[in-house]
Amino acid sequence: MAESDSGESTSSVSSFISRSSSSSRLSEFVDAKSELQDIYHDLSNYLSNFLTLLEDSVLLKDRQMLEHLCAFSSRVEAIAKILSRDRMKVAFFGRTSNGKSAVINALLHEKILPSAMGHTTSCFCQVQANGSDETEHVKVEQEDEHMELSALRELASAHSPGALKPSTLLQVNMAKNRCTILDYDVVLMDTPGVDVTAQLDDCLDSYCMDADVFILVLNAESTVSRVERQFFKDVASKLSRPNLFILNNRWDKASSMEPEMEQKVKDQHMERCVNLLVDELGVYSTAQEAWERIYHVSALEALHIRNGHIKNPSAQTKERYQEFLRFENDFSNCLAVSALKTKFGPHLLSAQKILNQLKSTLISPFIEKVSRLIDENKERRANLNAEIEEWELEMQDEREDLQYCFEELTEMTQRLGRCVLNDQIKTLIPSAVLSFSHPFHPEFPAQIGQYQRSLCAHLDNLLEDRVLQCLSIPLQRKILDMEKEMGLQITEKSCDWQLIYGLDCQSYMSDFQPDLRFRFSLGFTALWHRLEGNLPLHASPFRTQKLRNGHKKCLPLPPLVHGNHWQMLESLVKSKGSLGTVLLGAMAIRSFNWPIVMILGGLVGSFYIYEYAAWTTAAQERSFKSQYSRLLQQRLRTDVQQTVSGFELQLRQHLAKVRNCWEAQSNETLNDLNVRTAELTKQIQSMEVLQLSLKKFRDKGQLLASRLGDFQETFLRKS
């Protein structure tokens, strides 16, 4: 009882020590896989977010760069899928009946795979943990049908009539809690004997060349065969220094047959195995390294001890079991180290390469490009702000120059307007009236009115054309020159502008009453009219006046001398039977002799007859024109200032439009500069946000690179 207790205790402790030691290394693979999957998941999100940033940014929308980034993203996604499938893989090889399936059952602590004497395993059996949502089952690769584990006896056993062909892969999916080793993503690949058929090479390449550890299971009762040697030579040629373990199984049978020869046989096996590993295969460089990869065990005994079928193991059994535990621990550690290097090392380098390329070809150049564009736009904005300030100062100067030009034009209008109006009143009106030709019939009062209206129309056209030629056109040229100097857009309205001068002589002369009676030039009445010519002519107390804006109003014309006095004097002189005439005649008779008086009277009479005979229609027309011209000149002179003021008002109105046009064009230019400045400011702000995002992406990339460095330091370098 004590021996049993002691044996079970020893076995349990050894098994616990082995499991805890090997499990800690195997768990590193699981932890490393989880950590690397998290890194690749974050890297995938990182690339996806960066791709979104590139697609949303017009500035960074570069088709070639987008294609590179998509390629990076696709590569990361592919590696992430590989990572999700990556497991530690152990491939077992050997001739038929060497106990490969028995070794796997011992590792699983349960007889799962069929094992017996002779050729038992008919196909490739891949033992692995199933998914969390799947039940235990077996399935043929590339087939969807799931079968219970009990189907293994029929499908994988060469003794069964329903056995699968040697080239078939049968997946055995077990629950993780069934066996500790499966809980660490370990896949155990059992193979048909290498001597079963020569057509297994392609299947071995497909199913086993990605294994992290190769275990050659030999039969302790025999040495390494030629077929086994050739197989591992092929493996060594395809893989660089594969991790190879040699397991001399069924050592319990060899030691029991000739106990006294056990050590010599063991030494012989060790020598031949070391020679295979070092000299023939070149897997290990020294004999000591190869020595540590050779074991003498009994897989069946180990399975029975773990199942409790051996209650009181002998010392030799315990020794062989300890050797099996050493093998289990060594291959588990080697498996973890090898899997970390072979499976995660390349993925680590790929992630580091992607991050380095992303930083060197995308992020850093884009940050530099955005920084350069920000500086260029800031410089443009500064230039625009300087241009705006300069434009505002220019506008102020031009506004002052414009005001000066306006005052100059206004003064020119006043000066030239007075000059033109006075000149036409003084010279043009008399000559125009005198040159007017139209039938004149003084005996018909209605015809005289028609004659007067025609004369007024003639003068209106003549005087208006004169003002247009002498005043309006020069002003128009001055304004056009000013608009050109100001850079204004000259429109048809600007070219067509001219002063409006609507002279209506008929309104001025509406109360004109010509005196066409014959008057002797030496008569008292004629003399009186000569005196009267030096005085203002009579006019209607109310007459129509022309305003500068073209409207009319009636204003009284006050007489310079009181009318009653002159009328009284006139009636006195011109009266035929007046006392004055008698007195003058008496004075002439008294002062001169009769002959002289008669001679003078004859001369005066002759002159009177001559003038009376000369008082023809033409003379009456000349008298009419003279009276008309004198009265029109007099009335136009009174309205010169008012007419000039009207010209000035028209000019100011047009200049106000010119000013408004200039202000509008200047403000449009200023607004355009402000809009461009605002757009640049918006672009700068957008690029600054983009620059900040790129720097954040760069920092995230550095963080991912740091995590990859920590992963390498934690899981790869120490191994």
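The values are calculated or read from the model by the stated rules, or taken from the named source; none is laboratory data. The structure displayed is predicted, hence computed values, not measured ones. When we count neighbours, we look across all protein chains shown, and the Cβ atoms used for this are built from the backbone with ideal geometry, even at glycine. Quick note on the areas: whole protein, heavy atoms, side chains included, nothing else; ligands and nucleic acids left out. Shrake-Rupley method; radii C 1.70, N 1.55, O 1.52, S 1.80 Å.
Between Asp205 and Glu663, what is the label-to-label distance in nm when each label sits 7 Å out along the Cα-to-Cβ direction?
9.1 nm
Set the bar at 28 Å for Cα to Cα. Now go through Lys33/Lys165; Lys176/Lys341; Lys111/Lys341; Lys165/Lys311 and name every pair that lies beyond it.
The pairs that break the limit, which is 28 Å between Cα atoms, are Lys33/Lys165; Lys111/Lys341; Lys165/Lys311.
Which value in nm describes the separation of the simple spin-label points at Gln513 and Lys176, placed 7 Å from the Cα toward the beta carbon?
Distance between label points: 13.4 nm.
Measuring with a 1.4 Å probe in the full set of protein chains, what accessible area per residue, in whole Å², belongs to region 270-362?
Values: 3830 Å² over 93 residues.
It amounts to 41 Å² per residue over region 270-362.
Per residue of region 602-609, in order, report the coupling 6.51 cos²θ - 1.76 cosθ + 1.60 (Karplus, θ = phi - 60°) as ³J(HN,Hα) in whole Hz, putting x for Gly and Pro.
Whole-Hz 3J(HN,Hα) from phi for region 602-609: x, 4, 4, x, 4, 5, 5, 5.
Keeping all protein chains in the complex and leaving out DNA, RNA and ligands, what accessible area do you get for Thr677 with a 1.4 Å probe, in Å² to the nearest 10?
About 20 Å², ignoring ligands and nucleic acids.
Could you report the accessible area of Ser74 in Å², rounded to 10, computed with a 1.4 Å probe on the protein chains as they sit in the structure?
70 Å²
Under a straight-distance cross-link criterion of Cα-Cα below 13 Å, which aspartates and glutamates are reachable from Lys378, leaving out those fewer than 8 residues away in the same chain?
Glu679, Glu688
Could you go through region 387-403 in sequence order and give the Karplus-derived ³J(HN,Hα) for each residue, using 6.51 cos²θ - 1.76 cosθ + 1.60 with θ = phi - 60°, rounded to whole Hz, and x for Gly and Pro?
Per-residue couplings from phi come out as 5, 5, 4, 5, 5, 5, 5, 4, 4, 5, 5, 5, 5, 5, 4, 5, 5 Hz.
Net charge near Asp375: determine it from the other residues with C-beta under 14 Å of the C-beta of Asp375, scoring Lys and Arg +1 and Asp and Glu -1.
With Lys, Arg at +1 and Asp, Glu at -1, the neighbours total +1.
Could you tell me the distance between the Cα centroids of region 614-658 and region 407-443, to the nearest Å?
Between the Cα centres of region 614-658 and region 407-443 lies a distance of 6 Å.
Round to a whole number: what % of the accessible area of region 400-440 belongs to carbon and sulfur, probe 1.4 Å?
55 percent
Which order do Glu35, Glu319 take by accessible area at a 1.4 Å probe, largest first?
Values: Glu35 65, Glu319 115 Å².
Ranking Glu35, Glu319 by accessible area, largest first, yields Glu319, Glu35.
Which aspartates and glutamates have a Cα less than 12 Å from the Cα of Lys343, not counting those fewer than 8 places away in the same chain?
Leaving aside aspartates and glutamates fewer than 8 places away in the same chain, those within reach of Lys343 are Asp86, Asp210, Asp212.
Check Phe124: other-chain or 5+ apart residues with amide H under 5 Å from its amide H, H built from backbone geometry?
Long-range HN contacts for Phe124: Thr168, Leu170.
Check which residues have an amide H placed less than 5 Å from Val187's amide H, if you skip close sequence neighbours.
Met88, Lys89, Val90
Summarise the accessible area of region 142-275 (1.4 Å probe, protein heavy atoms) by the percent that is carbon and sulfur.
Values: 2930 of 6630 Å².
Roughly 44 percent of what the probe reaches on region 142-275 is carbon or sulfur.
Apply the Karplus parameterisation 6.51 cos²θ - 1.76 cosθ + 1.60, with θ equal to phi minus 60°, to every residue of region 225-235 and state each ³J(HN,Hα) to the nearest whole Hz, in sequence, with x for glycine and proline.
Computed from phi, the couplings for region 225-235 are 7, 5, 4, 5, 4, 5, 4, 6, 5, 5, 4 Hz.
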